[in-house]
Amino acid sequence: MDIHLELKELSKFLSDYSTSLMAVGVHTSRIVRNTARIAESFGFFVDMTIFQKTIIMTLRDKDNTHSYSTVNKIKPMALNFEINSQLSSLSWEAYDDHLSLDELKVKYNEIISHPRMSKWMVLFLVACANASFCRLFTGDWQAMGVVFIATLVGFFVRQKMMERHINHLFVFVVSSFVASMIGCTAVLYNIGTTPQIALGTSVLYLVPGVPLINGIIDIIEGHVLAGVSRLINAALLIICLSIGLSLTLLLLGVQTL
Amino acid sequence: MMNFDLLQAIIFDGFFAAIASVGFAVISNPPRKAILVSALLAAVGHGLRYCLLHCTSLDIASASFVAAFSIGMLSIVFARMIHCPAEVFSFPSLLPMIPGMFAYKTVLYLVKFIQCKDNSASVDIIVSIFKNGLTATFIMFALVVGVALPMFIFHKQSFAVTRILKLVKKN
């Protein structure tokens, strides 16, 4: 096959592969490693620059006479550790077995289209999680109950709004407002002995933990630009969450938290 | 008798941390086999932090570092056993320790600072802003450095865990 055509086809696949890795929340050095590993199994080298919205990469052959560059947008996918794990092992499979490009594409599409866990199950588990989080902050049983309901409603609102592709910052404001409004009933009606904790933990399910961890790992490993942009994104989400919460506090006139 | 109470508190703490970690993990759709491991690691990590905070004079950031380090070590062991990248279950087990409350309290106090018209009261608010903000930052760094250190120490092993999956299948 013509070397340029080969570079082009592989380049398209690799940019597809790396943008989906970025979207499902893999830290930058793993993306670089996995992509380079697949390129190596075809006898090529790849160099890439990763930004928050796009990935730029150049694929070249061993003696640097032919190269192909692509710029590709990061896909709008939700965090997904299953795809992270499967795509990483796919890269080793390609490296060890020298899979052809067509085989790789078939396996890749299979992994990407794997269905997620049922929405209702996630909703229920998140509510349980936030209720037990309330217990970790020394809340009592009544507070746990209030937080359970607050999270159930707040996360449901978030899921529904995310399905309609509304701006995700706005989604965070609204769902933290809804959750804290329900959490605030504990303070207004003095439910249990620790109503403040119920209000305080009712919005914690929105804290973007994985982007925060990924951002700091990126900074430690030297991908400072990618790491800082992840951290800024996470900080924006936390600010939106606080806006929703302070709206509740202002409306209902709750002073202390 | 005192010791029994403490032990019970630690176990309860670990138990609720495990539930919290499972719930927050499913948002990011982990592989089924990793969920139980992340629950176990979260219980160990959070229980250890609770124990350190109540039995020793360690501050919350150092205690988080020790807890995260133990999670990182265990996650490398489990990564080799079930052939997943270590972060697939070490990240979810860190989630209950993420300083979310400190982080949003910083923003809430910032809002309060803007609204405050009394000069002497605003000094107290500034102290609260710095206290919450710095605590959140330090805990965050302690958690991530703690969990990443074992990955740096066992460099080779932690890269190739997903590779073993294939070799096992072949045999």
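Output the residues belonging to region A:141-170 that are more than 13 Å from residue A:124 (Cα to Cα) and of a type in the set (Val, Ile, Thr). Passing the criteria: A:146, A:157, A:166.
Beta carbons closer than 6 Å, at least 6 apart along the sequence or on distinct chains, pair a first residue in region B:106-121 that is of a type in the set (D, E, K, R) with a second that is surrounded by 16 or more Cβ atoms within 10 Å (Cβ to Cβ) for B:112/B:125.
Among residues of region A:207-227 that are under 20 Å from residue A:173 (Cβ atoms), those with a beta-carbon under 6 Å from a residue that is small (Gly, Ala, Ser) at least six positions away or on a different chain give the pairs A:207/B:100; A:208/A:234; A:211/A:234; A:212/A:234.
Residues in region B:14-46 that are closer than 23 Å to residue B:60 by Cβ and surrounded by fewer than 21 Cβ atoms within 10 Å (Cβ to Cβ) were compared, and the one that is farthest from the chain's Cα centre (by Cα) is B:15.
For region A:77-118, how many residues are of a type in the set (Lys, Arg), touching a residue at least 24 places away in the same chain (Cβ under 8 Å) and assigned to a helix (DSSP H, G or I)? Going through region A:77-118 one residue at a time, the tally reaches 1. Are any residues in region B:96-107 part of a loop (DSSP other than H, G, I, E, B) and within 7 Å of chain A (Cβ to nearest Cβ), and if so, which ones? Passing the criteria: only B:98.
Can you pull out the residues in region A:193-214 that are more than 7 Å from every other protein chain (Cβ to nearest Cβ), touching a Leu at 6+ places or on another chain (Cβ under 8 Å) and assigned to a helix (DSSP H, G or I)? A:196, A:199, A:206, A:211 - these are the residues of region A:193-214 that are more than 7 Å from every other protein chain (Cβ to nearest Cβ), touching a Leu at 6+ places or on another chain (Cβ under 8 Å) and assigned to a helix (DSSP H, G or I).
Just for region B:54-95: of the residues that are closer than 19 Å to residue A:210 by Cα and assigned to a loop (DSSP other than H, G, I, E, B), which one is farthest from the other protein chains (Cβ to nearest Cβ)? It comes out as B:86. The set of residues in region B:1-53 being of a type in the set (Val, Ile, Thr) and at the interface with chain A (Cβ under 10 Å from one of its Cβ atoms) consists of B:19, B:22, B:26, B:27, B:35. Check whether at least one residue in region B:108-131 is modelled with pLDDT of 90 or more, farther than 24 Å from residue B:26 by Cβ and at the interface with another protein chain (Cβ under 7 Å from one of its Cβ atoms), and report yes or no. No - not one qualifying residue is present in region B:108-131. Looking at residue A:84 and the list (1) modelled with pLDDT of 90 or more; (2) closer than 26 Å to residue B:88 by Cα, which single condition is not satisfied? Among (1) modelled with pLDDT of 90 or more; (2) closer than 26 Å to residue B:88 by Cα, residue A:84 violates only (1). Consider region A:119-157 and keep the residues that are more than 25 Å from the chain's Cα centre (by Cα) and touching a residue at least 60 places away in the same chain (Cβ under 8 Å). The one that is surrounded by the fewest Cβ atoms within 10 Å (Cβ to Cβ) is A:137.
The values are calculated or read from the model by the stated rules, or taken from the named source; none is laboratory data. As the structure is a prediction and not an experimental result, all values here were calculated from the model. Methodologically, a virtual Cβ is constructed for each residue, glycine included, from the backbone with ideal geometry; neighbour enumeration extends over all protein chains shown.
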